[in-house]
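Take a look at the structure below.
Throughout, read-outs are computed from the coordinates displayed, never taken from laboratory work. These numbers were taken from a predicted model, which means no experiment stands behind them. All Cβ positions, glycine included, derive from the backbone under ideal geometry; neighbour counts span all protein chains shown.
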Amino acid sequence: MLFPYKPVPHAMESMHKFVDFVFREVWCKAPELEYSIELYRSNQSLFDIMSELARQDLADKLAENGAASFFYTHVNAIFNEFKRLSRDEIAVYLAHFDQNNDLTALCELSEGSAPVRYGELDSSKPELNKKIESFFSKLYSSGFFDLALVKQRVGSTIGEYYRSFVARGNSNDLDVCPFCGILPIDGEYDPTRDAFDHYLPKSKYPFNSVNLRNLCPSCSKCNSDNKRTQDPIHDRDGNRRKAFYPFRENEPDIQCKVLVKTKNWRQLRDADIEVKFESATQSVETATWQELYRIPERYAAKCCSQNGGLNWLKRVIDESHNYEKTPQEMFVAEMKSATNSPWVDCNFLKKSFLQGCDEMGLFCEQRARDTSGTT
């Protein structure tokens, strides 16, 4: 990850607060209590919502609203399963809930962090686990938080949260995907918005599917085409590993180096480009990031593209003629500009690429060609 997101406090945090309340104050107390709307009394917004859903249920109208029925029936069904658990068994599920929502510890592989995936829940409770997976894997997309009665109590929508998240003047207004740095992210004034990626996939991990700290805007290439449902904190063999936490406090420690293996820059191919990354303190996280988003291949492709490396090179050469400067002098000017604004127009990659071209001697050779009158 090239740079971290910054958390933005917002009313939509109620999504996860509702779930947290249901888990602790309703499900975990199931063995001692009979189900009642009164269980929600200490959370007024959720109480109002569940009271209305109970009224619809009594009126046989709940089934007409799929999103409302989804939430109401799953909460009740899981409550009934929790009634069969011992206090020790409930403590285990609660520990799983807390662990899976400590996203910083999971990504940093902190001592004692123990993520649980659906297949790792207590195998002696198949019905409960099935209901948990059905609920948490679909909750975000169920439409429940788009219901009028829910929006009225929460006071916002996920779309409004997105606008606030990328609003001008905060730390997330760079308008570029932090996972690749290549493609833009829809900003505050765009009529559309990019999708939130579940960084720990909701298809693999229970309990955090509506936690805003697990929801990260990313470009479609990163989200849908490359990362997809890959697991950041487990490798392909199932071993735990470190990954960049998208809301980390410090900037990632990554240095990008581009090696150019040919002087025939007009015919650049991906085989002529090698992209390397170095990190003094976060080598594992950097390797995970490269794998999840296929970064080396995508950066090499950008360096070979007409809109990327070829244009960057052509600009140095053309501008040296326009301003009667040597290609080397224009190279220095372009490097300074790229350093000042690294996330604009892929400048961070442009800088590494032009550096590689300079090390290959392309600008010195171009000057020699210009001096001799050859092309």
(request) Stick to the Cα atoms of the chain, pair each with every other, and give me the Kirkwood hydrodynamic radius in Å at one decimal. (result) 23.6
(request) For Q230 and K29, compute 0.36 nm times the residue count separating them, minus their Cα-Cα distance, and round to one decimal in nm. (result) 68.9 nm
(request) Just order 283-290, 178-185 by mean Cβ neighbour count inside 10 Å, highest at the front, would you? (result) 178-185, 283-290
(message) Below 16 Å, Cα to Cα, which lysines can K138 reach? Residues fewer than 8 away in the same chain don't count.
(response) K130, K202, K204
(message) Can you compute the FRET efficiency between K6 and L183 using 1/(1 + (r/R0)^6), with r the Cβ-Cβ distance and R0 = 25 Å? Round to the nearest 0.05.
(response) 0.80
(message) So if I take the centroid of the Cα atoms in the range 37-95 and the same for the range 233-274, what is the distance between those two points in Å?
(response) 45
(request) Would you list which lysines come within 30 Å of K350, measuring only between C-alpha atoms, while excluding same-chain residues fewer than 8 positions from it? (result) K6, K221, K227, K242, K257, K261, K263, K276, K302, K314, K325, K336
(message) Using only Cα atoms and rounding to the nearest 10 degrees, what angle (0 to 90) does helix 362-372 make with the longest principal axis of the chain?
(response) 30
(message) Between E359 and V332, what is the label-point separation in nm under the 7 Å Cα-to-beta-carbon projection?
(response) 2.1
(message) I need the semi-axes of the equivalent ellipsoid of the range 106-249: take the C-alpha gyration tensor, multiply each eigenvalue by 5, square-root it, list largest first in whole angstrom.
(response) 28, 21, 13
(message) Normalised by the empirical 2.2 N^0.38 Å for globular proteins, what value does the Cα Rg of the range 11-198 take?
(response) 1.16
(message) As a footprinting exposure proxy, order C107, C364 by other Cβ within 10 Å, with the fewest listed first.
(response) C364, C107
(request) Work through the residues other than V166 whose Cβ is under 10 Å from its Cβ and net out their charges, Lys, Arg +1 and Asp, Glu -1. (result) -3
(request) Calculate the translational D of the range 197-352 in whole µm² s⁻¹ from Stokes-Einstein, where the hydrodynamic radius comes from the Kirkwood formula applied to all Cα pairs, the temperature is 20 °C and the viscosity 1.002 mPa s. (result) 121
(request) Along Cα→Cβ, 7 Å out, is where each label goes; now give me the distance between the ones at R240 and R55 in nm to one decimal. (result) 4.8
(request) Restricting attention to the chain, give the cysteines that have no other cysteine Cβ less than 4.7 angstrom from their Cβ. (result) C28, C107, C180, C216, C222, C256, C303, C304, C346, C357, C364
(request) Please find the FRET efficiency linking D175 to E64, where r is the Cβ-Cβ separation and R0 is fixed at 45 Å, and quote it to the nearest 0.05. (result) 0.60
(request) Using only Cα atoms, find the angle between the long axis of helix 347-360 and the longest principal axis of the chain, and express it within 0 to 90 degrees, rounded to the nearest 10. (result) 40
(message) From the helices alone, meaning DSSP H stretches of at least four residues, give me the mean residue ellipticity at 222 nm for the chain, per-run term -39500 (n - 2.57), in deg cm²/dmol to the nearest 500.
(response) -13500 deg cm²/dmol
(message) Starting from the 7 Å offset along Cα-to-Cβ, what nm value, one decimal, do you get for the label separation of E297 and H321?
(response) 3.7
